[in-house]
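Everything on this sheet refers to the single structure shown next.
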Amino acid sequence: MSNARYVAALSLYKVTNEAAYSNLVLNSMLEEHGLSLEDKALCTAIFYGTLDRMVTVDFYIKKLIKTPLKKIKPFTLAVLRTAVYQIKYLSKIPNSAAVDEAVKIIKKSKESFNASFVNAVLRNLIRTDISLPNGNSIYDISVAYSCPEWIVSALIKDYGTEFTKQFLNNALMPPPIFIRVNTLKTNANELTETLKKQNVTAFMTDFNNTLVLESGGSVEDIKAYKDGLFFVQDISCQMAVGMLDIKENSRLLDLCAAPGGKSFSAAMYATMGEIISCDLYSQRVNLIKSGAERLSVKNIKTAVADATVKDNTLGLFDRIICDVPCSGLGVIRRKPDIKYKPKNSFEELAEIQRNILENAAGYLKSGGKLLYSTCTLNKAENKENVDAFLEKHTDFTLEKEETFSFLTNNSDGFYAAVLVKK
């Protein structure tokens with residue numbers, strides 16, 4: 001029964017019922033079930049598309065049944081969701097195929113008793129004209145742009161209704177793939193030509209040494225990637241590291257470094273300097289090591305370290321990157337499962353972020369610069385933390401701060417502030 005629709009539904013079941021990470025689940029499932037390239041593409045489109053649109057998909061289902069969603073058997077609900085997504089959003093798939101395949105999958109599962117239920121719901125969906133709400137209430141925006149109400153509310157509070165709608169609409173679009181040129185090995189023009197010879201199209205962006213890939217498929221399969229000529233990193237991260245004004249001989253500390261992108265970007269500037277890249281877990285530190293080896297970056301040293309605890313053996317630094325753990329609401333177009341984490345799972349983040357920032361400040365030399373950044377737009381994790389820090393530490397000043405979004409070269413949602421120690 002290993003077909004694209006089955007694997008997509010099973011993957012969705014695992015994400016929604018086992019709190020698994022979407023990318024890890026899908027990669028594992030694709031490998032386990034041995035799908036063809038064509039089926040892999042279809043499975044990926046259905047899986048991520050359903051996750052992207054799940055609030056809206058659930059709206060359609062609720063309009064057609066009297067049973068609360070939480071009372072529907074979990075695998076049946078996963079199959080229903082993926083089928084509704086196909087019917088409403090994948091125009092190239094005939095409705096009959098979406099219905100028939102969903103029923104077949106249920107019939108072969110432990111929830112086979114729900115086959116007629118699934119068939120009835122989906123056929124009713126095809127016959128029924130259901131309009132999405134188009135107002136400006138939190139509920140209307142939540143359904144129309146497929147985002148939980150608490151996130152909609154937080155975004156409106158910080159940025160207003162129109163920005164929120166535009167941001168959430170952009171979050172439903174395919175994200176661009178930005179790459180940073182490894183200037184230790186090549187330059188932007190040479191890399192563009194090299195990629196072209198490998199049947200990969202790349203375009204220059206407004207930010208130096210940053211390209212955007214047009215070609216599909218796995219980046220890891222591109223020869224230029226294997227040869228270490230570039231690494232994948234959103235343009236917002238690259239611009240944030242650029243704000244830090246890293247000198248060639250800088251001594252730099254990256255406190256929450258894994259998987260290593262910001263350390264690698266820093267290495268393009270600090271070619272003669274020393275970079276210490278830390279993370280809390282050894283397996284994540286290994287990601288930094290392997291990335292540095294692929295890129296032939298020689299001046300990165302790695303360490304397992306708790307970013308909230310001072311390690312006096314590290315000494316002082318000219319530059320510090322403090323990219324703290326966050327709610328990730330700025331990258332929901334890349335990781336849609338973030339939207340469905342419970343609100344209370346983020347409640348302790350601000351305190352952790354403040355503790356990391358406090359600890360990071362203790363490593364900075366006088367005259368040094370610290371980059372505080374997050375991949376979320378939530379001001380409680382961003383500006384409010386920075387303002388509270390500056391109020392407490394009068395020996396620091398705010399040199400610059402930026403909030404990046406789709407309005408900035410179609411970047412992810414990202415915040416960056418550069419603090420200078422007097």
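The values are calculated or read from the model by the stated rules, or taken from the named source; none is laboratory data. If you're wondering where the values come from, they're calculated on a predicted model, not measured in any experiment. Glycine gets a Cβ as well: all are built from the backbone with ideal geometry, and neighbour counts include every protein chain shown.
Looking at the range 156-173, is at least one residue over 23 Å from Lys379 (Cβ atoms), among the acidic types (Asp, Glu) and outside any strand (DSSP E or B)?
No: the range 156-173 contains no residue that is over 23 Å from Lys379 (Cβ atoms), among the acidic types (Asp, Glu) and outside any strand (DSSP E or B).
Report, by residue number, each residue of the range 79-100 that is charged (D, E, K, R), surrounded by 14 or more Cβ atoms within 10 Å (Cβ to Cβ) and either under 20 Å from Thr67 (Cα atoms) or at pLDDT below 95 (or both).
Taking the range 79-100 first, the residues charged (D, E, K, R) are 81, 88, 92, 100.
From the residues that got through so far, the ones that are surrounded by 14 or more Cβ atoms within 10 Å (Cβ to Cβ) too are 81, 88, 100.
Arg81 - this is the single residue of the range 79-100 that is charged (D, E, K, R), surrounded by 14 or more Cβ atoms within 10 Å (Cβ to Cβ) and either under 20 Å from Thr67 (Cα atoms) or at pLDDT below 95 (or both).
Taking the residues in the range 336-355 that are of a type in the set (Lys, Arg) and buried (at least 17 other Cβ atoms within 10 Å of the Cβ) as candidates, determine which candidate is nearest to Glu384 (Cα to Cα). Steps first, please.
Within the range 336-355, the subset of a type in the set (Lys, Arg) is 339, 341, 343, 354.
This time we only want the ones that are buried (at least 17 other Cβ atoms within 10 Å of the Cβ), so: 339, 354.
Details: Lys339: 22, Arg354: 10 Å.
Taking the candidates together, the pick is Arg354.
I'm trying to understand the selection: among the residues of the range 391-407, which are within 18 Å of Leu244 (Cα to Cα) and β-branched (Val, Ile, Thr)?
Correct list: Thr397, Thr403.
Is it fair to say Val297 is in a loop (DSSP other than H, G, I, E, B), within 16 Å of Tyr363 (Cβ to Cβ) and modelled with pLDDT of 95 or more?
Values: in a loop (DSSP other than H, G, I, E, B): yes; within 16 Å of Tyr363 (Cβ to Cβ): no; modelled with pLDDT of 95 or more: yes.
Against the criterion (in a loop (DSSP other than H, G, I, E, B), within 16 Å of Tyr363 (Cβ to Cβ) and modelled with pLDDT of 95 or more), Val297 does not qualify.
Given the criteria modelled with pLDDT of 95 or more and touching a Lys or Arg at 6+ places or on another chain (Cβ under 6 Å), does Ile276 qualify?
Working: modelled with pLDDT of 95 or more: yes; touching a Lys or Arg at 6+ places or on another chain (Cβ under 6 Å): yes.
Yes, satisfied.
I need the full set of residues from the range 153-176 which are surrounded by fewer than 16 Cβ atoms within 10 Å (Cβ to Cβ) and within 22 Å of Leu211 (Cα to Cα), in order please.
Residues satisfying the conditions are Met173, Pro174.
Could you go through the range 309-316 and let me know if any residue there is closer than 14 Å to Lys262 by Cβ, in contact with a strand residue (DSSP E or B) (Cβ under 6 Å, 6 or more places away or on another chain) and of a type in the set (A, V, I, L, M, F, W, C). It would help to see each step written out before you state the result.
The initial filter retains those residues of the range 309-316 that are closer than 14 Å to Lys262 by Cβ, namely none.
Within the range 309-316 (the criterion being closer than 14 Å to Lys262 by Cβ, in contact with a strand residue (DSSP E or B) (Cβ under 6 Å, 6 or more places away or on another chain) and of a type in the set (A, V, I, L, M, F, W, C)), the answer is no, since none of the residues qualifies.
Return yes when Met239 is in contact (Cβ under 8 Å) with a residue 24 or more places away in the chain, surrounded by fewer than 23 Cβ atoms within 10 Å (Cβ to Cβ) and out of contact with any Lys or Arg (no Cβ under 9 Å at 6 or more places or on another chain) and no when it is not. Give the derivation first.
On the way: in contact (Cβ under 8 Å) with a residue 24 or more places away in the chain: yes; surrounded by fewer than 23 Cβ atoms within 10 Å (Cβ to Cβ): yes; out of contact with any Lys or Arg (no Cβ under 9 Å at 6 or more places or on another chain): yes.
The answer is yes for Met239.
Might you check whether a residue that is outside any helix (DSSP H, G or I), of a type in the set (Gly, Ala, Ser) and closer than 15 Å to Asp58 by Cα occurs anywhere in the range 108-125?
Here is the first cut: in the range 108-125, the residues outside any helix (DSSP H, G or I) are 108-111.
From what's left, of a type in the set (Gly, Ala, Ser): 109.
Now drop any that are not closer than 15 Å to Asp58 by Cα, which leaves none.
No, the conditions are met nowhere in the range 108-125.
Looking only at residues in the range 194-206 that are surrounded by 16 or more Cβ atoms within 10 Å (Cβ to Cβ) and among the β-branched types (Val, Ile, Thr), which one is farthest from Ile235 (Cα to Cα)?
Top of the filtered list is Thr194.
Can you tell me which residues in the range 270-306 are within 22 Å of the chain's Cα centre (by Cα), closer than 20 Å to Ile246 by Cβ and surrounded by fewer than 22 Cβ atoms within 10 Å (Cβ to Cβ)?
The one that is within 22 Å of the chain's Cα centre (by Cα), closer than 20 Å to Ile246 by Cβ and surrounded by fewer than 22 Cβ atoms within 10 Å (Cβ to Cβ): Gly291.
Name the one entry in Ser36, Ser11 that is without any contact (Cβ under 8 Å) to a residue 40 or more places away in the chain and touching a Cys at 6+ places or on another chain (Cβ under 8 Å).
Ser11
So, in the range 242-266, of the ones that are among the small types (Gly, Ala, Ser) and crowded, with 24+ Cβ neighbours inside 10 Å, which residue ends up farthest from Asn299 (Cα to Cα)? Write out each step before concluding.
Initial filter on the range 242-266 (among the small types (Gly, Ala, Ser)): 242, 250, 257-258, 260-261, 263, 265-266.
If we keep only those that are crowded, with 24+ Cβ neighbours inside 10 Å as well, we get 257, 260, 263, 265-266.
On the way: Ala257: 15, Gly260: 13, Ser263: 10, Ser265: 12, Ala266: 10 Å.
Once the filter is applied, the top-ranked residue is Ala257.
Given (1) among the hydroxyl-bearing types (Ser, Thr, Tyr); (2) at pLDDT 95 or above; (3) out of contact with any Leu (no Cβ under 6 Å at 6 or more places or on another chain), identify the lone condition not met by Ser345.
Condition not satisfied by Ser345: (2).
Filter the range 142-179 down to the residues that are in contact (Cβ under 8 Å) with a residue 60 or more places away in the chain and charged (D, E, K, R) and list them by number.
Correct list: Asp158 only.
Please go through (1) among the hydroxyl-bearing types (Ser, Thr, Tyr); (2) modelled with pLDDT under 95; (3) crowded, with 16+ Cβ neighbours inside 10 Å for Ser327 and return the number of the only condition it doesn't satisfy.
Result: Ser327 fails condition (2) only.
Residues in the range 174-187 that are in contact with a strand residue (DSSP E or B) (Cβ under 8 Å, 6 or more places away or on another chain) and under 14 Å from Val232 (Cα atoms): how many?
The qualifying residues number 7.
Within the range 180-208, how many residues turn out to be touching a residue at least 24 places away in the same chain (Cβ under 8 Å), outside any loop (DSSP other than H, G, I, E, B) and of a type in the set (D, E, K, R)?
Looking only at that region, the number is 1.
Taking into account only those residues within the range 177-193 that are more than 19 Å from Gly242 (Cα to Cα) and charged (D, E, K, R), which is surrounded by the most Cβ atoms within 10 Å (Cβ to Cβ)?
Once the filter is applied, the top-ranked residue is Lys185.
Restricting to the range 299-318, what's the tally of residues that are of a type in the set (D, E, K, R) and under 14 Å from Leu252 (Cβ atoms)?
Let us first name the residues in the range 299-318 that are of a type in the set (D, E, K, R), namely 301, 306, 310-311, 318.
Next cut, under 14 Å from Leu252 (Cβ atoms) only: 301, 318.
Count: 2.
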